[in-house]
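Okay, so here's the structure we're looking at.
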Amino acid sequence: ELNAANIDRANRAEARANRAEARANRAETQLEAAQAAHIERANRAEARAKRAEQRMADEADSETVELMLFEDTLSAERQRANRAEARVAELEAALAGAGASGVPSS
């Protein structure tokens, strides 16, 4: 009878140990899944950050090109304005010269 009681206690202890081990296995599986999900979220966040960084770099490059084109246009317009001012000065000088030489202006 004592032996049967010991065997029964041992069987119950083994069953408890089996249940505890099963719970531990489930917890480990859940932890692994949570870690995998965390890593996946971190990877997606990193990929989003890299895409955003690339977009900003592309926009900066685009703005730099636009600025360079604007500067080229501005330079060309300044040159054109300078040539026009020089031509006006020439015409004014010619007109003044014509007036001084007695040629009537129209």
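Of note:
- Residue among Arg19, Arg41 that alone is part of a helix (DSSP H, G or I), basic (Lys, Arg), more than 33 Å from the chain's Cα centre (by Cα) and on the phi < 0 side of the Ramachandran plot: Arg19
- Considering Glu40, Glu63, the condition of being out of contact with any strand residue (DSSP E or B) (no Cβ under 7 Å at 6 or more places or on another chain) and at pLDDT 95 or above is satisfied by Glu40 alone.
- When we screen Glu1, Glu53 for residues that are charged (D, E, K, R) and exposed (fewer than 10 other Cβ atoms within 10 Å of the Cβ), the only hit is Glu1.
The values are calculated or read from the model by the stated rules, or taken from the named source; none is laboratory data. Note that the coordinates shown come from a computational prediction; the quantities given were computed from them, not determined experimentally. With ideal geometry, Cβ positions are generated from the backbone for all residues, glycine too; neighbour counts draw on all protein chains shown.
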